[in-house]
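Rule-based calculations on the coordinates, nothing more; no lab input. This structure is a prediction, so every number in the text was calculated from the model and none was measured. Note that each Cβ is placed from the backbone with ideal geometry, even for glycine, and that neighbours are counted across all protein chains shown.
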Amino acid sequence: MDHFIDLHRVLKKAFVLPVEGYGLKPVSKWLGFKYRNPRSSATQSMLWYRLWLDTGNRQYLDDSVLYNEDDCQATKLIKDWIAIRS
């Protein structure tokens, strides 16, 4: 797994940002990213997925997928921001 990069570690080591923490949400928000469901979270996404498994209600799965898509887009935004400055 030598080809993976810990973006969190890179951010903390190489940059001083005006954010409360160096987690994905605070950093991506500082960079201008907006989650489509501002009330969503990783915990909520796991709950939605579990509810989808239990009930078959497709809305729960859609909400979970939407959150995870946003997480991926936020991660890419941060990765690109770091790459430009490195």
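In degrees between 0 and 90, to the nearest 10, how far off the longest principal axis of the chain does helix 58-85 point, with axes built from Cα atoms? Orientation of helix 58-85: about 10 degrees from the principal axis. Multiplying the residue separation of D80 and L51 by 0.36 nm and subtracting their alpha-carbon distance yields 7.0 nm. Which lysines have a Cα less than 17 Å from the Cα of K29, not counting those fewer than 8 places away in the same chain? Qualifying lysines at Cα under 17 Å: K12, K76, K79. To the nearest ten degrees, helix 42-55 and the longest principal axis of the Cα atoms of the chain are 20 degrees apart.
Temperature 25 °C, viscosity 0.890 mPa s: under these conditions the Stokes-Einstein estimate for the chain, based on its Kirkwood radius over C-alpha pairs, is 172 µm² per second. Net charge of the neighbourhood of I78, taken over other residues with C-beta under 13 Å away and scored Lys/Arg +1, Asp/Glu -1, is +3.
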